[in-house]
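Engineer: Here it is, the structure, as C-alpha cells.
The values are calculated or read from the model by the stated rules, or taken from the named source; none is laboratory data. As the structure is a prediction and not an experimental result, all values here were calculated from the model. Don't worry about glycine lacking a Cβ; one is built from the backbone with ideal geometry, like all the others, and counts go over all protein chains shown. Quick note on the areas: whole protein, heavy atoms, side chains included, nothing else; ligands and nucleic acids left out. Shrake-Rupley method; radii C 1.70, N 1.55, O 1.52, S 1.80 Å.
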Amino acid sequence: MAEEEDVTSIAVCEFFAKCFLALDPPESLSELSDGVVMFQALSEISMDHFDPTSITHEAGGNWVLKAANLRKLVRNLEDYYHEVLKKDADFESILSNVNVIAKDSDPDGILAIVELVAVAAISCDDREVFVNRMKEISEENLGEFQMFLKGGMETISSFDDDDNAREGEGDEYSDSSVVFDGDENQNGPSSPGGLLFPSHGDISADGNSELLREREELRKELSDARRELAQIKSQVKLNEEDNKKEKDKLRALNEDIQERLTKRDEELH
C-alpha cells in the first residue's frame with residue numbers, strides 16, 4: 001500500500017504533530033527514517049536519555065549516518081525502558097533492522113520504533129500531558145492511532161532487574177493502569193473495547209463490542225506480521241550484502257589471476 005494511502009502512517013504523523021512541541025512535524029513516514037524527529041520527541045519525555053544534540057541532524061541521503069542515529073535511538077530507548085519504566089521490549093529485533101530502515105525507509109521497521117515512542121509517552125511521569133495532547137488528534141485518525149497504540153502496548157513486558165526493582169511493584173503492565181490515570185470518569189477497569197479516549201465514542205454501547213474485539217485481534221495480528229516482515233527483510237538484506245561481498249572477492253581474485261597469466265604470457269614471448 002502506498003504510504004499516502006496508509007491510514008496508520010497518516011495517524012502516526014499527526015501523533016507527532018499534536019503531541020510534541022520541539023520538532024518539525026513529519027509529513028510522511030519516511031521522514032522518520034533518520035531518527036531525528038523521534039529523538040526530538042523523546043527529548044520532551046526525558047532529556048537525560050534523549051539529548052537531540054548527540055545525533056547527526058543533517059544526514060541527508062547518507063544511510064550510514066541515519067543508521068547510527070537509529071541505533072543510538074533504540075539503545076537509549078532500551079535504557080529508558082529498563083531504568084525508568086522498568087519495562088522491556090524486543091529491542092534486539094528492532095536493532096537488527098536499522099540498516100534497512102536507513103537505506104529504504106522501511107515503514108514496518110519505522111512503525112516498530114514509533115510504537116516504543118508512543119508507549120513511552122503514555123507511561124512517563126508526564127503521561128497526563130501527552131494523553132491530553134493525543135485527545136487533540138483528529139477524529140478520523142484517532143481510532144486508527146488507538147489501535148496502533150494498543151498494539152504497541154501488547155508488545156511490552158515487565159523488566160526484571162533485582163538490583164533496581166521498585167519496592168512494592170509486581171503488577172503486570174496493563175492498559176488501565178497507564179491509559180486511564182487521571183480520568184475522573186473511570187472508576188474501574190477499562191471497557192471491553194478498551195478505548196483509549198472514551199469521550200470520542202463508546203463502540204460497545206452500540207452493541208458492537210464483538211466487532212471491536214475482532215478489530216483489536218486483527219490489529220495485533222497485523223502488528224505481529226509487520227515485525228516478522230521487518231525481520232525477514234533485514235535478513236534478506238544481510239544475505240544480499242554477504243553475497244555481494246563474496247562476488248567482489250571472486251571478481252578480484254579472477255582479475256588478479258588474469259593479470260598474472262597475461263604477465264607470464266608476455267614474459268614467454
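Engineer: Which of the residues that make up the stretch 66-123 are within 16 Å of F159 (Cβ to Cβ), within 11 Å of the chain's Cα centre (by Cα) and acidic (D, E)?
Structural biologist: D90
Engineer: Taking the stretch 110-157 as the region of interest, how many residues are in contact with a Cys (Cβ under 9 Å, 6 or more places away or on another chain), within 13 Å of I45 (Cβ to Cβ) and of a type in the set (D, E, K, R)?
Structural biologist: So the count comes out to 1.
Engineer: Suppose we keep only residues that are at pLDDT 90 or above and touching an Asp or Glu at 6+ places or on another chain (Cβ under 8 Å) within the stretch 11-32. Which one would you say is farthest from V131 (Cα to Cα)?
Structural biologist: S30
Engineer: Still on this structure, please answer the following. Which one of these does S43 not meet: (1) touching a Phe, Trp or Tyr at 6+ places or on another chain (Cβ under 7 Å); (2) hydroxyl-bearing (S, T, Y); (3) in contact (Cβ under 8 Å) with a residue 40 or more places away in the chain?
Structural biologist: Of everything listed in (1) touching a Phe, Trp or Tyr at 6+ places or on another chain (Cβ under 7 Å); (2) hydroxyl-bearing (S, T, Y); (3) in contact (Cβ under 8 Å) with a residue 40 or more places away in the chain, S43 misses just condition (3).
Engineer: Name the pairs whose Cβ atoms lie under 7 Å apart, with the first residue in the stretch 120-149 and over 25 Å from Y80 (Cβ atoms), the second among the polar types (S, T, N, Q), and 6 or more positions between them or separate chains?
Structural biologist: From the stretch 120-149, the pairs are E144/T8.
Engineer: Six or more apart or on different chains, Cβ atoms under 7 Å: show the pairs whose first residue is in the stretch 47-73 and more than 17 Å from L23 (Cα to Cα) and open to solvent by 60 Å² or more (accessible area, probe 1.4 Å) and whose second is hydrophobic (A, V, I, L, M, F, W, C) and in a loop (DSSP other than H, G, I, E, B).
Structural biologist: L65/A59; K72/I55
Engineer: Sticking with this one: Taking the options E83, E92, name whichever one is within 25 Å of A67 (Cα to Cα), without any contact (Cβ under 8 Å) to a residue 24 or more places away in the chain and open to solvent by 10 Å² or more (accessible area, probe 1.4 Å).
Structural biologist: The unique qualifying residue is E92.
Engineer: Additional query: Under 7 Å between Cβ atoms, at least 6 apart or on separate chains: pull out the pairs that start in the stretch 10-37 with a residue that is open to solvent by less than 10 Å² (accessible area, probe 1.4 Å) and end on any residue that is of a type in the set (D, E, K, R).
Structural biologist: From residues that are open to solvent by less than 10 Å² (accessible area, probe 1.4 Å), the pairs are A11/E144; C19/R133; F20/E44; L29/E3; S33/K66; G35/K66.
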